[in-house]
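What follows is one structure encoded as structure tokens, with my remarks underneath.
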Amino acid sequence: MDLARWPFVTSIAVAEEVRAALVEGQAVVALESTLLSHGLPPGRNRKVAERLEAVVREAGAVPATIAVLDGQPLVGLNAHQLDRVCDPAAGLVKLSRRDLGPAIALGKNGATTVASTVALADAAGIRVFGTGGLGGVHFPLPSRSASWDVSADLDALADTPVLVVCSGVKSVLDIEATLELLETRSVPVLGYQTDMFPAFYLRESPYSVPWRVDSAEQAADVVVAHQATPGRSGVLLAKPVPIEYEMDRATHDRLLADGIRLLAERGVQGRDVTPVLLEHFHTASEGVSLDANEELVVSNVTLAAQVAVELAKR
Ligand code: PSU
Ligand code: MN
């Protein structure tokens, strides 16, 4: 036990079912709460929360949705806690990893991003996490030569030995720079049944993945082998949105251009960028992007559960 981390670990409330599965060495999949509270509209988010937990169970694993409620980090939520996460009236703050301390100390309600979910999952002993899209490197503002808006999700992957299953990064990001940074930080990037890195609503970005796997077994093999190499980085497994839900590229590019203009006009910055952009897509596409978002998360979480089941056998 790393004594320096002990106070943090004991402050986390792990749900009984999750704790039992971890003790028995059974498969557990961590799920984030930001995509529910800040990425999907009220009502719809609660249904998605339930669907995600259901697909994890169908695959033979235990779901652990992660959030902070009343200053308490929770790993595994009951129905009432999921209600609160999905209720806009509960006023959940979007918490990156750096926000965990303040939220705990000040007794806040918060939704965890990839970065903070991965940190809490790791502290609880969970090795697999499924989500929609990873944060990444934003394009620089016109006033700057380089971007300083780089998601903490990348740092979390760089120093947390967790498998993250997602559909790449949102197309508003600088995908090329994001992939470069993942290389610098020694995070292996695997394409699931694809040679191209996906772009969230679209199945392909113009960039190839360094490695490809074609089954959950192969992905589990890579995780085990990677964790035996020096360092504490995680693994990124990228699975494209299911083909029948991929957005039309022309529509996508138009909405993206409008979205970027909207962000500039409204002066949206920092942690509000992603939620505002997702909202714009969902409204302007009349729900087409919402369906795509839901289906890609469900498909990623299903794959995460399959890999977790494989890992539990080893
Ligand atoms: N995937 C989704 N919807 C989301 C997100 C991911 O389908 O809302 C969230 C995740 O929580 C991710 C965050 O960590 O977007 C990235 O935010 P930022 O770019 O501010 O780091
Ligand atoms: Mn950011």
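The values are calculated or read from the model by the stated rules, or taken from the named source; none is laboratory data. Remember, predicted model here, so these are calculated numbers, not experimental data. Because the Cβ atoms are built from the backbone with ideal geometry, glycine has one as well, and the counts that use them run over all protein chains shown. Side chains included, ligands, DNA and RNA excluded: accessible areas come from the protein's heavy atoms. Shrake-Rupley method; radii C 1.70, N 1.55, O 1.52, S 1.80 Å.
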Between a residue in the stretch 207-235 that is on the phi < 0 side of the Ramachandran plot and at pLDDT 95 or above and any residue that is open to solvent by less than 60 Å² (accessible area, probe 1.4 Å) and basic (K, R), which pairs come within a Cβ distance under 6 Å, given they are 6 or more apart or on different chains? none
Taking the residues in the stretch 204-244 that are among the β-branched types (V, I, T) and in contact with a helix residue (DSSP H, G or I) (Cβ under 9 Å, 6 or more places away or on another chain) as candidates, determine which candidate is surrounded by the fewest Cβ atoms within 10 Å (Cβ to Cβ). V224
Single condition R266 does not satisfy, out of (1) open to solvent by less than 50 Å² (accessible area, probe 1.4 Å); (2) within 24 Å of K94 (Cα to Cα); (3) not acidic (D, E): (1)
For the stretch 133-161, name all the residues that are surrounded by fewer than 24 Cβ atoms within 10 Å (Cβ to Cβ), in contact with an Asp or Glu (Cβ under 6 Å, 6 or more places away or on another chain) and closer than 21 Å to A308 by Cα. T160
Looking at the stretch 267-303 only, could you name the residues that are farther than 20 Å from N45 by Cα and within 16 Å of ligand 2 (Cβ to nearest atom)? G267, V268, Q269, G270
Show the residue pairs that are 6+ apart or on different chains and have beta-carbon atoms under 9 Å apart, the first residue being within the stretch 141-155 and assigned to a strand (DSSP E or B), the second being more than 10 Å from ligand 2 (Cβ to nearest atom) and open to solvent by less than 60 Å² (accessible area, probe 1.4 Å). V150/A177; V150/T178; V150/L181
Segments classed as helices (runs of 4 or more DSSP H), wholly inside the stretch 235-314, with at least 3 members that are away from ligand 1 (no atom under 16 Å from the Cβ): 249-266, 288-313
Within the stretch 178-196, the residues that are buried (at least 18 other Cβ atoms within 10 Å of the Cβ), touching a residue at least 40 places away in the same chain (Cβ under 8 Å) and not in a strand (DSSP E or B) are T178, L181, L182, V187, P188, T194
